1. Can you spot a residue in region 296-305 that is on the phi < 0 side of the Ramachandran plot, modelled with pLDDT of 75 or more and surrounded by 14 or more Cβ atoms within 10 Å (Cβ to Cβ)?
2. Under 7 Å between Cβ atoms, which residue pairs at least 6 apart in sequence (or on different chains) link something in region 212-231 that is free of Cβ contacts under 8 Å to residues at least 40 places away in the same chain with a partner that is not in a helix (DSSP H, G or I)?
3. In this structure, is Thr175 in contact with a Gly (Cβ under 8 Å, 6 or more places away or on another chain) and polar (S, T, N, Q)?
4. Is region 157-173 home to any residue that is more than 25 Å from Thr122 (Cβ to Cβ) and either part of a loop (DSSP other than H, G, I, E, B) or modelled with pLDDT under 90 (or both)?
5. Within region 174-205, which residues are among the β-branched types (Val, Ile, Thr) and not in a helix (DSSP H, G or I)?
6. Every residue in region 102-133 that is surrounded by 12 or more Cβ atoms within 10 Å (Cβ to Cβ) and either within 17 Å of the chain's Cα centre (by Cα) or in a loop (DSSP other than H, G, I, E, B) (or both), please.
7. Out of region 136-150, which residues are under 29 Å from Leu213 (Cβ atoms) and touching a residue at least 24 places away in the same chain (Cβ under 8 Å)?
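The values are calculated or read from the model by the stated rules, or taken from the named source; none is laboratory data. This structure is a prediction, so every number in the text was calculated from the model and none was measured. Neighbour counts run over all protein chains shown; Cβ positions are idealised from the backbone, glycine included.
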Amino acid sequence: MAKDNLFSSGITRFNRISTPVNILFSLIFISLALIAVIPVIFVIIISFSSAESIQRIGYSFFPQEWSIDAYVYLWNLRDVIGRSFLVSVGITIVGTVIGLFLNSTMGYVLSRKNFVLRNFFTKLIFIPMLFSGGLVSSYLINTQVLKLGNTYWALILPMAVSSFYIIVLRTFFQTTVPDSLIESAKIDGASQFTIYFKIVVPISLPALATIGLFLSFAYWNSWFLAMLYIQSTHQHMYPLQYVLMSIERNLQFLTQNSQFMIPEEALRRLPAESVRMAIVVIVVVPITLAYPFFQKYFISGLTIGAIKG
């Protein structure tokens, strides 16, 4: 008993952090937090700065004049931006759900030791992590073979499955879902889908939430697939990122060719720089609101790939 108390007291002293070290760690973490937050605040301030203030003093935390011209400019394009916003929301939700189902089911199958082709499919899935099939081949398959051109599936399916996500989920299932639990469910007569949805999924929420967060970020920020597979005759299918990039390109074209396009006075009133920052705000804020839904699972899910190979 005395040895146990001595051991526990030694562990307590070893884990105890002195006040100076605690202050040092707090200052380090506060600095890291400010490094992450201050640029976002700076972008928001610039988006509310007037074009004249940016031309006179450049980017500043304290602009000479505040203005909402950038947001007014984007509000005038609300029909296009609103439609593309709904497209991005739909693609993000549907793509994340499909991606979670496909990656997790494949990862679960590969985690079971009694699956005969386990090693073969593991090696087959690992190959794309080292060698890509290439842009031309994937484009031809998606447009000529699968006929996904000018459809919403072209914005969803190419990003739905990732070898990295499958390997991470396979590792999590191997180390977290005990074989004895699966065997007990089989003895009770549960089917594979029942085992997956009622046993595996509830246990694996940290891993699924982590992969779901990565998928939702990827779908929300996606614009390249729209440029590849959606023609200009189907502009109603453009996601938000692609539309906002098109607006930014148009503003850049006007500013670079102002001597031929618009008078100098009108150029000074054009909120080109603040519109760029307002675009960043519009892109970042909606997906940031999704993070709290994943937060309680995210920290524990970050370590799933480092437990066991």
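1. Looking only at region 296-305, we keep the residues that are on the phi < 0 side of the Ramachandran plot, and these are 296-305.
Filter once more, keeping what is modelled with pLDDT of 75 or more: none.
Looking for residues that are on the phi < 0 side of the Ramachandran plot, modelled with pLDDT of 75 or more and surrounded by 14 or more Cβ atoms within 10 Å (Cβ to Cβ), one finds none in region 296-305, hence no.
2. Trp223/Pro239
3. Values: in contact with a Gly (Cβ under 8 Å, 6 or more places away or on another chain): no; polar (S, T, N, Q): yes.
No.
4. From region 157-173, those more than 25 Å from Thr122 (Cβ to Cβ) are none; that's our starting set.
No, region 157-173 has no match at all.
5. Initial filter on region 174-205 (among the β-branched types (Val, Ile, Thr)): 175-177, 182, 187, 194-195, 199-201, 203.
Passing the criteria: only Val177.
6. Narrowing region 102-133 to residues surrounded by 12 or more Cβ atoms within 10 Å (Cβ to Cβ): 102-112, 115, 118, 121-122, 125-126, 128-129.
Within region 102-133, Asn103, Arg112, Phe115 qualify.
7. Of the residues in region 136-150, the ones under 29 Å from Leu213 (Cβ atoms) are 138-139, 141-142, 146, 148.
The answer is Tyr139, Asn142, Leu148.
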